[in-house]
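Report on the following structure.
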Amino acid sequence: MKVTASQATEQTSFFGNLRHKLPKDTGIFVVMLGIALIFEIAGWYVRDQSFLLNTNRLVLIVLQVAIIGIIAVGVTQVIITTGIDLSSGSVIALTAVVAASLAQTSDSLSPMYPSLVNLPAAIPIVAGIGVGLLCGLVNGVLITRTGIPPFIATLGMMVSARGLAQYYTQGNPISFLSDGFTSIGQGAMPVIIFLVVAFLFHIALKHTRYGKYVYAIGGNMTSAKVSGINVNKYLIIVYTIAGALSGLAGVVLAARVSSGQSSMGLAYELDAIAAAVIGGSSLMGGVGRITGTLIGAVILGLIKSGFTFVGVDAYVQDIIKGIIIVAAVSIDMHRNRKKR
């Protein structure tokens, strides 16, 4: 049966319309399902057991995704503006130790602040988020006021924040934290916090002036300036938000493990960037969605847990993760070249 030119055109039009009607993150969602299915099959082949039908494993994946996801929400907004934030992992460490030092109880043998034990949980939580916010503000001011590229400014913050965390604790863990503080890191609370944060910034980017300006800055910074947008102001806001979310992630992580340590958050910034890029954010700027980042974070969690499940060495996992990041960026660059 021959297909006429008009029929072929109709078929092309049908599939084109169908593609436009589907949610924008459908493709990456299908990839996530495919990865889950691959590990499910591999689980039965290698371990003779299910990968997905294990409640403890799924809970662990979701908890891992929650911490990375909170950071990735902020990093996504930075990437949309054509920026980058390499400091989030170190900011997590700094905020975690600051929050933990203010959350100690009188049971501690050597509290950092003997006169400040048994404080209400709100104080260490606000202090941790505040320290993260301050780090993000410094990043934003450095980038906008001095003209330092985001890569260099946030790299400097990455080194400085980690050094501050180590100096603050002298390399010692901070423990004996209050139950009120640790409660925000237990059970489903980290996941709830992540979903609330993701929902709020999904709405902010999609339905507010802030979101419109962020996309405009990333799409064409010069045009944004000409149209009257205060670009420096909004860049500072974006980096401040990213810092505050890293602070929140640090607080939740310290509460989850009931301890503050200067080694926390190592390479978390790379996972956050990977989640954003895998989720469809473009390093060229102007493109990115919180829903895509959420799916990207889940994909990373599935890959990490799946490889551990089938017995892949942790060092090999890092190699594969690096390949995935490079592949995602390469696909993004290719997509941008095709658009141009």
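The values are calculated or read from the model by the stated rules, or taken from the named source; none is laboratory data. Remember, predicted model here, so these are calculated numbers, not experimental data. Reconstructed Cβ throughout: ideal geometry from the backbone, glycine too, with neighbour counts over all protein chains shown. To get the accessible areas, we keep the full protein, side chains included, count just its heavy atoms, and leave off ligands, DNA and RNA. Shrake-Rupley method; radii C 1.70, N 1.55, O 1.52, S 1.80 Å.
List of remarks:
- The count of lysine pairs in the chain whose Cα atoms are under 16 Å apart, excluding pairs fewer than 8 places apart on the same chain, comes to 5.
- The chain, Rg to Rh (Cα coordinates; Rh as Kirkwood inverse mean 1/r): 1.03
- Potential extension, V31-S115 segment - 0.36 nm per residue separation minus Cα distance: 24.9 nm
- Taking a Cβ cut-off of under 14 Å around I203, the surrounding Lys, Arg, Asp and Glu residues balance to a net charge of +4, with basic ones at +1 and acidic ones at -1.
- Using alpha-carbon coordinates, inclination of helix 268-278 to the longest axis of the chain, degrees: 20
- Helix 189-207 and the longest principal axis of the Cα set of the chain meet at an angle near 50°.
- Against the rule of thumb 2.2 N^0.38 Å, how large the Cα Rg of the stretch 241-299 comes out: 1.26
- As a rough guide to protection, the peptides 250-257, 232-239 ranked by mean Cβ packing within 10 Å, highest first, stand as 250-257, 232-239.
- Taking a Cβ cut-off of under 15 Å around I324, the surrounding Lys, Arg, Asp and Glu residues balance to a net charge of -1, with basic ones at +1 and acidic ones at -1.
- Zone residues, the stretch 88-131, relative to Y210, backbone N less than 20 Å from point 7 Å out along Cα-to-Cβ: 88, 126-131
- Helix axis angle, 88-101 relative to the chain longest principal axis, alpha carbon, degrees: 30
- Counted by Cβ distance under 13 Å from F39, the other residues give a net charge of +2, where Lys and Arg count +1 and Asp and Glu count -1.
- Whole-percent carbon and sulfur share, accessible surface of the stretch 57-184, 1.4 Å: 70
- In this simple spin-label approximation, N172 and H334 carry label points 7 Å from Cα along the Cα→Cβ vector, and these lie 5.4 nm apart.
- Between the residues A72, V30, I193, the greatest Cα displacement towards the positive end of the dipole of the chain, with unit charges on the Cβ of Lys, Arg, Asp and Glu, is found for V30.
- Highest to lowest packing among 124-130, 44-50, 179-185, scored as the average C-beta count within 10 Å: 124-130, 179-185, 44-50
- Taking Cα centre as origin and charging only the Cβ of basic (Lys, Arg, +1) and acidic (Asp, Glu, -1) residues, the dipole magnitude of the stretch 265-340 rounds to 560 debye.
- Dipole of the stretch 171-271, positive direction: furthest Cα of M264, I241, G211, with charges on the beta-carbon: G211
- Extension gain, I152 back to A267 (0.36 nm per residue minus Cα-Cα distance, nm): 39.7 nm
- Accessible area of M264 (1.4 Å probe, protein heavy atoms only, ligands and nucleic acids ignored): about 20 Å².
- Each Lys and Arg Cβ is given +1 and each Asp and Glu Cβ -1; about its Cα centre, the chain then shows a dipole of about 1400 debye.
- Where the chain is the region considered: accessible area per residue in Å², 1.4 Å probe: 50
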